[in-house]
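Report on the following structure.
None of the figures in this text is laboratory data; all of them are computed from the coordinates on show. Keep in mind that this is a model prediction, so the values were computed, not measured. Virtual Cβ from ideal backbone geometry, glycine too; neighbours counted across all protein chains shown.
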Amino acid sequence: MKTKDVVSGRAISIKQPFVEEILLGIKKYEYRSRPTKIRGRVYLYASLKPRLDGNWKKLKMNPSDVPTGVIVGSVEIVDCVYFADDKIYGYKLNHPKRYTKFLIPKNQPQPCFFFPFGKLNSKQLDESVKKVRKFDKTLNKLGIKDRLPGTRKSVKTLLQRIEK
């Protein structure tokens, strides 16, 4: 079962407890040694092995309390910033979304980005992009500027009417 909120089908692999911090809105950047040009919503894959030296006390959790080895949600990557003092790149994250059911990737997870359910072919990608553009046009007509997570349920009915 895939969700329809990740158009690209791409996932980012992150260790716990950092995935929890992202989903709780505490962590706003994912730090990596390489820049990325990837933008948009991606799946959040919680790596199989959690970090034992993470912020567990701050979160009042233990490594055994959180899911690992599954896709637990999604997040938007909106920018990539270079922090010169630390010589590291930060992927700016917005609008995290926790899934009620975890997804098990079919493909082997990779250290950074990967396609958990295989790459979309060009026809599937074109159809997804068309749906998102149509959705955005409809929201603009209604005076809604952004696709915020809170509007998703209220607009679901509207989307079903559009597709008919």
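Okay, here's what the table says:
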read-out	value
Cross-link table Lys4/Lys27; Lys28/Lys141; Lys4/Lys141; Lys92/Lys137; Lys28/Lys106; Lys37/Lys92, entries beyond 20 Å C-alpha to C-alpha	Lys4/Lys27; Lys28/Lys141; Lys4/Lys141; Lys92/Lys137; Lys28/Lys106
Extension gain from Lys49 to Thr138, taking 0.36 nm per residue of separation minus the Cα-Cα distance	27.8 nm
Alpha-carbon radius of gyration plus Dmax, which is the widest Cα pair, for the range 52-101 in Å	14.4, 40
Theoretical FRET efficiency, 1/(1+(r/R0)^6), r = Cβ-Cβ of Lys15 and His95, R0 25 Å, to 0.05	0.75
Cα gyration tensor shape of the range 1-118, rounded if a/c is under 1.5, else prolate or oblate by comparing a/b with b/c	oblate
Asp65 versus Thr36: modelled label distance in nm, points set 7 Å from Cα along the beta carbon direction	2.6 nm
Where trypsin sites (Lys or Arg not before Pro) fall in DSSP loop in the range 52-120, at most 13 other Cβ within 10 Å	Lys60, Lys87, Lys106, Lys119
